[in-house]
Structures are given as structure tokens and as C-alpha cells.
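Here is the structure we will look at.
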Amino acid sequence: MKKVLITGASGLVGRAVSDALRADGHTVEPMRRASGSADSGSAITWDPASGRIDRDRLDGFDAVVHLAGESIDGRWTAAKRARIRDSRVVGTRLLCETLAGLNSPPSTLIAASAIGFYGNRGDEVCDESSSAGNGFLADVAERWEATTSPALEAGIRTVNLRIGIVLSSRGGALPRMLLPFRLGLGGPVGSGRQYWSWIALDDLVGIVRTALDDRRLIGPVNAVAPGAVRQREFATTLARLLRRPSFMPLPAFAVRAMLGEMGDALLLTGAHVVPKKLTEIGFEFRHPDLASALRAALAER
Ligand SMILES: NC(=O)c1ccc[n+]([C@@H]2O[C@H](COP(=O)([O-])OP(=O)(O)OC[C@H]3O[C@@H](n4cnc5c(N)ncnc54)[C@H](OP(=O)(O)O)[C@@H]3O)[C@@H](O)[C@H]2O)c1
């Protein structure tokens, strides 16, 4: 059994990973942001913004799962963009430089990244060897991954999980789609041809579990299901499961007017990302196809 430190443990993925690892019998300790929770008590804390971290309490963990980062939801004002970037780049540098300098560093670091790394790729199929794309999210993801290098150089096996759109009713993108779809207002967004590469929350947890143990996983790993679809098919599948129509187009100009650059990056563009490394090691997805993943997400409590 392992002793695992988790950042971003209060988030959608962090809660699911913490629960699953505890259920497996591991000891899980969250590292909370001191400024983010009034009552941190005896918890291990850090404040990525000011560079403070409970260094003395980080010795002796077997693994670190690093998920912290400002939500990319909301309008990307200059201040919001700075928080999205710095919470990942500055926070990851602080964590990784600290881990690299410990007397007893962890043997494994599993660090979140995102398929935003690939940018807008049209019909190109992207595996882990594909180059970084262009745009704000691609730039952030590239730097986010690069700042884990002090950990890797210190001999810590570092896995950069390029996470796709996480499907869960408990948070992330899906709950925000449900209301319009339930009202019969779902349908193609923009051209509807853009790829959405997604992952069931349950499978993402399975990938983290696998990455903790499987030493074949190192460096970038696409945490997406094999069944990426175009947005139009995503809309049709979700509407079918909800027994609603999916005819209502949402034109690109309306998305840009409502959401600005964030709408362009998250809704109107995408990349067809495939889980090459996970397939090579024989990882078995519980929800390899979209209908199965959405059914599981809609059944969550
Ligand atoms: N959900 C998705 O679809 C998706 C897709 C691709 C990549 N990812 C990445 O996977 C990671 C986990 O995703 P998630 O959906 O669980 O995110 P989330 O629900 O937004 O949780 C992220 C956690 O990060 C911490 N955090 C928030 N703002 C922060 C800031 N300004 N500085 C430092 N830490 C901050 C918080 O934890 P504490 O309060 O405990 O510190 C928060 O609960 C994120 O890095 C995200 O970018 C997620």
C-alpha cells in the first residue's frame, strides 16, 4: 500500500481519485491551498501564488498526484488568463523543485495536463508524439508539462496526463450541457465537425491507479477514451440518451459573443486525440464508447 499526496484534492477529479485510492487501501493526504480553505487544521498546505509550501511534511510519500489548477471556466479576462497559467506553471514549478530537493522524494509523480496541448487540429489524429498546437491553452499545457522537469531529472518517474473532457454529472463540462439538452435546445455547435476527445471519470481514475504502479508509463500519456467523436455526434448521442431532439444549431458567432475566446478554444475547435500509450500497455477502458460513458455519467449521484 502506498502513501499518496494529492493536490487539487477538492476538485472533480481529485475527489474521485482520493476516494478510489482510499478504497484500494492507500493512505491519501491532500495538500490544500492555505488561502483556499479557512479551516486547514493539521492539513498539509501550500500557497502556490506566494511560493509557500509545507516542505518539511513532504518527505516519505511514495507518490504525488498533482491536479491543482485554476478552473478554465468563465470569461478569459487578462487576470483570469494569468490565474489559469500561473496556477499551473508557477504551482507546478514550486511543487516539482520542492520534490526534487527532498531527502526522501516520491518515486512517482502523476501530473495533470490537458489535451488543450494539441490545440485545434481539424481531422488530424494526435497521439503522444504529436507536436504542441497553437493558442493560449496549448501554450499553457506545454509550459505546464515542461515545469515538471525538475522532478524527472531528480529520478522521479513523471507521468503527464493529457486529460480529455471529463464526463461526469458531478462537475466539469457535462452538467452545463444538460440543461439546454433537457430543454430540447441541444445540437451542433458551430460546424459540429470539430472533434471532442473525452474520458469517463471512472476511467480517468483507473488511469491514475494504473500510472501509480505501471513503470512503463512515463512522460506524456493521453488520458482519453479511444472513442473520440465529432461534436455533432456528441450532441446526437447525448440527446438520444435524454430522449430529446438535437436539432438546435448554436452558431459560432453566438458562442463567441457569449463566451469570447474561451468558447472558441473549448467548444468550436478540438483535436482527435487517441490513447496510444494506454492501448500499448493494454489498459482496459470500462467506457470506450461515448454512449456507455454518458450513460454511466448520467447514472452518477
Ligand atoms: N475536468 C476536465 O474536463 C479536465 C480536462 C482536462 C484537464 N483537466 C485538468 O485536471 C485537473 C483536475 O481537474 P478538475 O476537473 O478536478 O478541476 P477542478 O474541479 O476545477 O479542481 C481543481 C482544484 O485545483 C485547486 N485550485 C483551484 N484554483 C486554484 C488556483 N488558482 N491555484 C492552485 N490550485 C487551485 C482546487 O483544489 P484545492 O482547493 O484543494 O487546492 C480545485 O479543487 C486540472 O488541473 C484540470 O486543468 C481537467
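The values are calculated or read from the model by the stated rules, or taken from the named source; none is laboratory data. Predicted model, so just to flag it, every value in this text is computed and none were measured. Glycine also receives a Cβ, built like all others from the backbone with ideal geometry; neighbour counts cover every protein chain displayed. Accessible surface is based on the protein model in full, side chains and every heavy atom, while ligands, DNA and RNA are left aside. Shrake-Rupley method; radii C 1.70, N 1.55, O 1.52, S 1.80 Å.
For this structure, a couple of remarks:
- Think of the range 46-118 as a dipole: +1 on every Lys or Arg Cβ, -1 on every Asp or Glu Cβ, centred on the Cα centre; then among 113, 94, 61, 113 lies furthest on the positive end.
- The range 173-221: C-alpha gyration tensor shape, a/c 1.5 cut-off, then a/b vs b/c: oblate
- Additional length obtainable on full extension of the chain from residue 149 to residue 241, 0.36 nm per residue less Cα span: 28.8 nm
- Options 272, 238, 227, ranked by Cα towards positive dipole end of the range 207-301, top entry (Cβ charges): 238
- Pairwise label distance in nanometres, residue 42 with residue 3, each label 7 Å out on the Cα-Cβ vector: 1.4 nm
- Mean separation of Cα contacts under 8 Å (6+ apart) over length of the range 175-266, as relative contact order %: 47 percent
- About the centre of its Cα atoms, the chain shows a dipole size close to 900 debye [charges on the beta carbon of Lys, Arg (+1) and Asp, Glu (-1) only; nearest 20 debye].
- Sum of -39500 (n - 2.57) over DSSP H runs of 4+, divided by residues of the chain (222 nm, nearest 500): -11000 deg cm²/dmol
- Scanning residues 5 or more positions from residue 165 or on other chains, those with amide H under 5 Å from its amide H are 197, 198, 199, with H placed 1.01 Å from N in the peptide plane.
- Gyration tensor verdict on the range 29-131 (Cα atoms; rounded if a/c is under 1.5, prolate if a/b is larger than b/c, oblate otherwise): oblate
- Alpha carbon convex hull of the chain, projected area averaged over orientations, nm²: 15.0 nm²
- Each eigenvalue of the Cα gyration tensor of the range 160-301, multiplied by 5 and square-rooted, gives one semi-axis; in descending order these are 28, 17, 12 Å.
- Across the accessible surface of the range 215-301, with the other protein chains kept in place and a 1.4 Å probe, carbon and sulfur atoms take up 58 percent.
- Spin-label pair residue 22/residue 300, simplified geometry with 7 Å Cα→Cβ offset, distance in nm: 1.7 nm
- Between the residues 254, 14, 171, the greatest Cα displacement towards the positive end of the dipole of the chain, with unit charges on the Cβ of Lys, Arg, Asp and Glu, is found for 254.
- The trypsin sites (Lys or Arg not before Pro) of the range 35-123 that DSSP puts in a loop, and whose beta carbon has at most 16 other beta carbons within 10 Å, are 75.
- Protein heavy-atom accessible surface, 1.4 Å probe, per residue over the range 151-301: 45 Å².
- Cβ-derived FRET efficiency at R0 22 Å, residue 281 paired with residue 129, nearest 0.05: 0.90
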